[in-house]
């Protein structure tokens with residue numbers, strides 16, 4: 001069962017990294033939703049319920065991503081959605097697995113919510129650079145190989161892109 005669980009986590013990591021290569025917001029959100037489903041399954045299958053917080057926040061992230069995707073519709077335009085999802089992410093990570101390590105996933109997903117709602121790519125990348133280390137620590141604690149690899153790759157890819165973008169804008 002452990003091999004199946006970790007394989008599912010690695011598949012989720014591949015989906016996550018693939019989303020960085022897509023061109024349109026629609027494609028990225030669809031891929032991120034698929035990633036959320038696969039990571040939720042992976043965390044659910046981790047032994048002894050260790051990944052409960054990761055499972056919960058990934059399921060909520062699917063709904064959050066769809067709300068932010070449809071933010072052109074009047075009901076989804078409100079900035080209160082950011083606050084709502086940050087609170088729900090924080091609360092679910094703590095309630096689903098009330099252990100200190102769950103706080104790391106809670107913090108990661110709050111910053112991830114800020115990243116998804118950011119108005120500029122640079123703003124998104126700043127929040128990802130903050131969220132990924134917290135998620136990485138959580139993944140180490142719950143022994144999620146796919147989660148650790150995902151966060152390491154996300155941090156590296158985001159840092160390279162962020163520094164290239166900010167360096168280029170300073171030259172202009």
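Values in this text are rule-based calculations from the coordinates and carry no lab data. Values in this document were obtained by computation on a predicted structure and should not be read as measured data. Cβ: placed from backbone, ideal geometry, glycine included. Neighbour counts: every protein chain shown.
The angle between the Cα long axis of helix 102-117 and the main principal axis of the chain comes to about 30°, on a 0 to 90 degree scale. Protection proxy ranking for 68-81, 21-34, using the average of other Cβ atoms within 10 Å per residue and placing the highest first: 21-34, 68-81. Residue ranges 121-129, 35-43 sort as 35-43, 121-129 when ordered by packing (mean number of other C-beta atoms within 10 Å per residue, highest first). Taking every DSSP helix (H) stretch of at least 4 residues in the chain, weighting each as -39,500 (n - 2.57) and dividing the sum by the residue count yields a mean residue ellipticity at 222 nm of -28000 deg cm²/dmol.
In terms of packing, defined here as the mean over residues of other Cβ atoms within 10 angstrom, the peptides 85-91, 161-167, 53-59 line up highest first as 53-59, 85-91, 161-167. Distance from the C-alpha centroid of segment 74-138 to that of segment 7-26: 18 Å, rounded to the whole angstrom. Comparing mean-square fluctuations of 93, 141, 12 from a GNM of the chain with C-alpha springs under 10 Å, the top value falls on 141.
Mean projection of the Cα convex hull over all viewing directions, computed for the chain: 9.6 nm². Rounded to the nearest 10 degrees, the angle from helix 2-19 to the longest Cα principal axis of the chain is 0 degrees. A simple spin-label model places pseudo-atoms 7 Å from Cα toward Cβ; at residue 3 and residue 70 they are separated by 4.2 nm.
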